[in-house]
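*Asks:* Let me give you the structure first, and then I'll get to my questions.
Throughout, read-outs are computed from the coordinates displayed, never taken from laboratory work. Just so it is clear, the structure is predicted and the values come from calculations on it, not from any experiment. No Cβ is skipped: glycine too gets one built from the backbone with ideal geometry, and neighbour counts run over all protein chains shown.
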Amino acid sequence: GAGVSQSPSNKVTEKGKDVELRCDPISGHTALYWYRQSLGQGLEFLIYFQGNSAPDKSGLPSDRFSAERTGGSVSTLTIQRTQQEDSAVYLCASSPLTEAFFGQGTRLTVV
Amino acid sequence: ELKVEQNPLFLSMQEGKNYTIYCNYSTTSDRLYWYRQDPGKSLESLFVLLSNGAVKQEGRLMASLDTKARLSTLHITAAVHDLSATYFCAVGQGAQKLVFGQGTRLTINP
């Protein structure tokens, strides 16, 4: 069975460019999370989707960050006008409302 | 608002010793999880605890949950180097998002 899949696994982008990160959750999981983890740090919550409810966007650090989840499945995290401080590993997780299963992450480097 | 605190945040110990990591949370919860993260890797699920008094064991790791005290512990018995990693607890309530602790970076020295 497929787990949570994230793409790309690595992304290097120039400062000021926009990037899109993709998350394919486990089929049937109603909940989807995005977290950010800087080197050696803990998990920073970004956004949470639960079924058809309005997403919890309380963790998005600025209006440059947005996310959507189409058809209750695939999610895309978009960062506009990237800054160097956006460099981090972006982790996606999906959950059937019990435990959350994590993807391998996208390592974003803004140069 | 649900808050989750782990302690210690850093732990260095010798092989063969026992130690406990603590996870406190601030409001009623119906589930608690422990995850392991190796350097450069994603999070791996270790334990799911769903009821008061729940205890689960896997090898040298044992997790327990006291919902009345809002406390979970992760106990390491006779530590070995392979257990060096960062350990996170996470707490959930209903359909609300999971909230993670800060993580405990465990280093086990020969």
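*Asks:* Given labels modelled 7 Å from the Cα in the Cβ direction, how far is it in nm from A:Glu14 to B:Asp66?
*Replies:* About 5.8 nm, to one decimal.
*Asks:* A further question on this structure: Which residue fluctuates the most in chain A, going by a Gaussian network model with Cα springs under 10 Å, if the choices are A:Ser27, A:Ser38, A:Ser62?
*Replies:* A:Ser62
*Asks:* Another question about this same structure. Counting other C-beta atoms within 10 Å, which of A:His29, B:His81 has the fewest, and how do the rest follow? Before the final figure, lay out the partial values.
*Replies:* Details: A:His29 18, B:His81 10.
Listed from fewest to most nearby Cβ atoms, that is B:His81, A:His29.
*Asks:* Continuing with the same structure: Calculate the all-directions average of the projected area of the protein assembly as shown's alpha-carbon convex hull, and give it in nm².
*Replies:* Mean projected area for the protein assembly as shown: 12.3 nm², to one decimal.
*Asks:* Among A:Phe45, A:Leu60, A:Thr76, whose Cα lies farthest out toward the positive end of the dipole of the stretch A:31-111, if unit charges sit on the beta carbon of Lys, Arg (+1) and Asp, Glu (-1)?
*Replies:* A:Thr76
*Asks:* Can you work out the Karplus-derived ³J(HN,Hα) for every residue in the stretch B:43-56? Use 6.51 cos²θ - 1.76 cosθ + 1.60 with θ = phi - 60°, whole Hz, and x for glycine or proline.
*Replies:* Per-residue couplings from phi come out as 8, 10, 6, 9, 9, 10, 10, 10, 8, 4, x, 4, 9, 10 Hz.
*Asks:* Sort B:Leu50, B:Leu65, A:Leu46 so that the residue with the fewest other Cβ atoms within 10 Å of its own Cβ comes first and the one with the most comes last.
*Replies:* B:Leu50, A:Leu46, B:Leu65
*Asks:* How large is ³J(HN,Hα), in whole Hz, for each residue of the stretch A:30-45 in order, when computed from phi with the Karplus curve 6.51 cos²θ - 1.76 cosθ + 1.60 and θ = phi - 60°, using x for Gly and Pro?
*Replies:* 7, 9, 9, 10, 10, 10, 10, 9, 7, 3, x, 10, x, 8, 9, 5
*Asks:* Mind putting a number on the dipole of chain B about its Cα centre? Charges go on the C-beta only, +1 for Lys and Arg and -1 for Asp and Glu, and I need it in Debye to the nearest 20.
*Replies:* Details: 11 positive and 9 negative charges, 26 e Å.
About 120 debye.
*Asks:* With 10 angstrom as the radius, rank A:Leu21, A:Leu91 by how many other C-beta atoms surround their C-beta, starting from the fewest.
*Replies:* Neighbour counts put them in this order, fewest first: A:Leu21, A:Leu91.
*Asks:* With the Cα gyration tensor of chain A giving a ≥ b ≥ c as the square roots of its eigenvalues, does the rule (a/c under 1.5 for rounded; else a/b larger than b/c for prolate; else oblate) give rounded, prolate or oblate?
*Replies:* Prolate.
*Asks:* Also, I was wondering about something else. How large is the dipole of the protein assembly as shown about the Cα centre if only Lys and Arg carry +1 and Asp and Glu carry -1, each at its Cβ, rounded to the nearest 20 debye? Present the calculation step by step, with values, prior to reporting the outcome.
*Replies:* On the way: 21 positive and 20 negative charges, 21 e Å.
Taking the Cα centre of the protein assembly as shown as origin, the dipole is about 100 debye.
*Asks:* Could you work out the local net charge near B:Val80, counting Lys and Arg as +1, Asp and Glu as -1, over the other residues with Cβ closer than 10 Å to its Cβ?
*Replies:* -1
*Asks:* Whole-Hz Karplus ³J(HN,Hα) for the stretch B:65-76, in order, using 6.51 cos²θ - 1.76 cosθ + 1.60 and θ = phi - 60°, x for Gly and Pro?
*Replies:* Couplings: 9, 10, 6, 6, 8, 6, 9, 10, 10, 10, 9, 10 Hz.
*Asks:* Using the Cα gyration tensor of the stretch B:32-110, with a ≥ b ≥ c the square roots of its eigenvalues, what is the shape: rounded (a/c below 1.5), prolate (a/b larger than b/c) or oblate (neither)? Show your work: numbers first, answer last.
*Replies:* Numbers: a/c = 2.34, a/b = 1.43, b/c = 1.64.
Taking the square roots of the gyration eigenvalues as a ≥ b ≥ c, the stretch B:32-110 is oblate.
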